[in-house]
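Peer 1: Next up is a structure, given as structure tokens.
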Amino acid sequence: VPLGQYGSAFFATLIILLLTAVNLAGIRVGIHTQVSLMALVLFGLLSVGAAGAWLTVHGVPPAAPAGAAGPPVSHIGLALVFVFLAYGGWSDAATLSAEMEDERHGITRALLIGMSIVTALYLLVNWAFLRGLGLAGLAASEAPAADVMLRAFGKTGQVLIVGVVAITSITVMNAILIAGARTTYAAARDTRVLQRLGSWHVTRGTPPVAVLAISGVALVLVGFGTYTRGGFSTMVDYLSPVYWFFLMLSGLAVIVLRRRYPDVPRPFRVPFYPVLPLLFVASSAYVFYSSVVYVKIGAIVSIAVLAAGALLLIPLQRMARATA
């Protein structure tokens, strides 16, 4: 639907407002919306796999020869920045751990089963990409899923997968509203001056002020992306270093909190402690370094924003102690 140069910003704003309303209505509404959207996404991913199978059964050769040389080994870190971006929601289930009915085994099942399904689907889709386009064709494609579906099922298949990609974007946005609001809520509870962000609606099972805060920041970022004319790539540039720096600190926090509070009840204990957390920290540090090398100046800006937040905590904590 062409709405001029600000059409994308208009749709993004509209979707954010709609999803905000959905999540303010309650956790069950938000989760049911997420499950429904995910069902469509799963259908789309399986359709791409079916396209690869159809091309194989009918003996259709790849669009480009498969003998193209791969990238140098030095580029693996850069590739991982984007590969792991696709898996970026793997840890979001952990933000719901306090709301699990089975607090000992629920989060383990969610993470292991969820990641197994996602990994299997991604491998299937990547096989379909290589089968339909070849390595060189995949490297040259701007929209590999649409190109594979076009080769297998014609224009109908192409339009179908473009719609699924749009729904996938909405699914990610809804997931961030569910998970991000709970992270904000938990952080606000540790900072007395931000207690309003730490409010919880018992009946609806949501942190309403945190949901509104996340939505407000999202709308600001839509404006920022519209201004820079490179919305998605700009967000990747600014997100990746902070994301991996955060995960690196999260891994270290497991060790620090275990040592600082050894007697706190822990329904879930990290296996192979402390080797597994240290390996996680090391891998996160490597991708963090790779993202900084790729993003360059954007990394400085994003980390500066993070540092500003850390510095802001100091006067907030002082204000909290003064009013205590």
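The values are calculated or read from the model by the stated rules, or taken from the named source; none is laboratory data. Predicted, not measured: the structure shown is a model, and the values here were computed from it. Here the Cβ positions follow ideal geometry from the backbone for every residue, glycine too, while neighbour counts run over all protein chains shown. The area values use the complete protein model at the heavy-atom level, side chains included, leaving out ligands, DNA and RNA. Shrake-Rupley method; radii C 1.70, N 1.55, O 1.52, S 1.80 Å.
Peer 1: So if each residue of separation counts as 0.36 nm, and I subtract the Cα-Cα distance between residue 18 and residue 308, what length gain in nm does that give?
Peer 2: Working: separation 290, 0.36 × 290 = 104.40 nm, distance 3.08 nm.
Full-extension gain reported as 101.3 nm.
Peer 1: Which order do peptides 98-109, 257-268 fall in by mean Cβ count within 10 Å, highest first? Please list the in-between numbers first.
Peer 2: Numbers: 98-109: 12.6, 257-268: 10.1.
The densest-packed peptide leads the list: 98-109, 257-268.
Peer 1: Then there's this: Can you give me the angle between helix 231-260 and the longest principal axis of the chain, using Cα atoms only, in degrees from 0 to 90, rounded to the nearest 10?
Peer 2: On a 0 to 90 degree scale, this one is about 50.
Peer 1: Still on this model: Tell me the relative contact order for the chain as a rounded percent, counting alpha carbon contacts under 8 Å between residues six or more apart.
Peer 2: That works out to 23 percent.
Peer 1: Here's another thing I want to ask about it. Once both labels are modelled 7 Å past Cα along the beta-carbon direction, what's the residue 199-residue 297 spacing in nm?
Peer 2: In this crude spin-label approximation the distance works out to 4.2 nm.
Peer 1: Another question, then. By its C-alpha gyration tensor, with a ≥ b ≥ c as the square roots of the eigenvalues, how is the range 197-324 shaped: rounded for a/c under 1.5, else prolate for a/b larger than b/c, else oblate?
Peer 2: Here the range 197-324 falls in the oblate category.
Peer 1: Still on this structure: Give the peptides 195-204, 154-163 in descending order of average Cβ contacts within 10 Å, highest first.
Peer 2: Those peptides, ordered most packed to least, come out 154-163, 195-204.
Peer 1: Leaving out ligands, DNA and RNA but keeping every protein chain, what accessible area does residue 82 have, in Å² rounded to the nearest 10, with a 1.4 Å probe?
Peer 2: 90
Peer 1: For the Cα atoms of the chain, what angle does the longest principal axis make with the long axis of helix 297-323, in degrees from 0 to 90, nearest 10?
Peer 2: Between the helix axis and the principal axis of the chain, the angle is about 20 degrees.
Peer 1: Another one. Using label points projected 7 Å from each Cα along Cα→Cβ, tell me how many nm separate residue 255 and residue 166, to one decimal.
Peer 2: Modelled inter-label distance: 4.8 nm.
Peer 1: Under a point-charge model restricted to the Cβ atoms of Lys and Arg (+1) and Asp and Glu (-1), what is the dipole moment magnitude of the range 155-300 relative to its Cα centre, in debye to the nearest 20?
Peer 2: So the dipole magnitude of the range 155-300 works out to roughly 300 debye.
Peer 1: Further question on the same structure: Rounded to the nearest percent, how much of the accessible area of the range 107-190 (1.4 Å probe, protein heavy atoms only) is carbon and sulfur?
Peer 2: Solvent-exposed carbon and sulfur of the range 107-190 make up 72 percent of the total.
Peer 1: As a test of the formula, what do you get for the chain when each DSSP H run with n ≥ 4 contributes -39,500 (n - 2.57) and the sum is divided by the residue count, at 222 nm and rounded to the nearest 500 deg cm²/dmol?
Peer 2: The helix-only estimate for the chain comes to -26500 deg cm²/dmol at 222 nm.
Peer 1: For the chain, modelled as a GNM with alpha-carbon contacts under 10 angstrom, which of 287, 164, 305 fluctuates the most?
Peer 2: Its mean-square fluctuation being the largest, the pick is 305.
Peer 1: For the range 196-228 and the range 251-271, write down the distance between their C-alpha centroids in whole Å.
Peer 2: Taking the Cα centre of the range 251-271 as reference, the centre of the range 196-228 is 30 Å away.
Peer 1: I'd like the orientation of helix 144-189 relative to the chain: the angle between its Cα long axis and the longest Cα principal axis, in ° from 0 to 90, rounded to 10.
Peer 2: Between helix and principal axis, roughly 0 degrees.
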